[in-house]
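Right, one structure below, let's go through it.
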Amino acid sequence: MSNYDEKIARISELTSMLKKAFQPMPAMAAPGGAPPADPNAAAAAGAPPMDPAMMAAAGGDPNAAPPAGDPAQMEAMLSEMMAAIEQMAGAMEQQGQLVGQLQQQLQQVQQEHMQMGSQMQMMEKALKDSMSPMEGVPAEAM
């Protein structure tokens with residue numbers, strides 16, 4: 001059952017990390033109205049030119065506009081994702097409780113099985129004793 005507790009704790013931790021990570025960012029104005037960095041200016045300053053393959057791996061064309069995303073839509077998607085994670089955590093907790101109940105029932109059944117086994121052994125012994133060829137002979141004569 002501790003396995004489910006660990007998973008629930010990990011999901012809760014992940015949930016809090018996601019909530020922190022996806023906080024709406026305040027609008028940022030460029031200080032002094034500076035234009036975005038130009039990769040050619042970096043090359044003029046002595047930096048090696050960027051390889052197009054590296055640029056693609058780093059996120060594509062640096063002159064391309066950032067992905068357009070409506071903050072309200074992104075927040076709605078995050079909210080849906082958080083609700084799904086919380087729902088999964090709740091389901092896992094319920095499964096953990098169910099597993100605990102099943103373990104208790106299994107232990108009860110095992111105890112009953114052991115009791116019935118000992119009762120059957122006693123009954124078999126009594127049956128063998130009652131069908132003994134020496135039945136009716138007094139115990140003193142044995």
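Each reported figure results from applying straightforward, stated rules to the coordinates on display, with no laboratory input. Since the structure is predicted, the reported quantities are computational estimates derived from the model, not experimental observations. Reconstructed Cβ throughout: ideal geometry from the backbone, glycine too, with neighbour counts over all protein chains shown.
Data for the structure
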| item | result |
| --- | --- |
| All lysines inside 30 Å of residue 19 as judged from Cα atoms, apart from same-chain residues fewer than 8 positions distant | 7 |
| Residues 18, 106, sorted so that the one with the fewest Cβ neighbours within 10 Å comes first | 106, 18 |
| Length gained when the stretch residue 5-residue 119 is fully extended (0.36 nm per residue, less Cα-Cα span) | 37.0 nm |
| Extension reserve of the residue 81-residue 13 stretch, reckoned as 0.36 nm per residue once the Cα distance is removed | 23.0 nm |
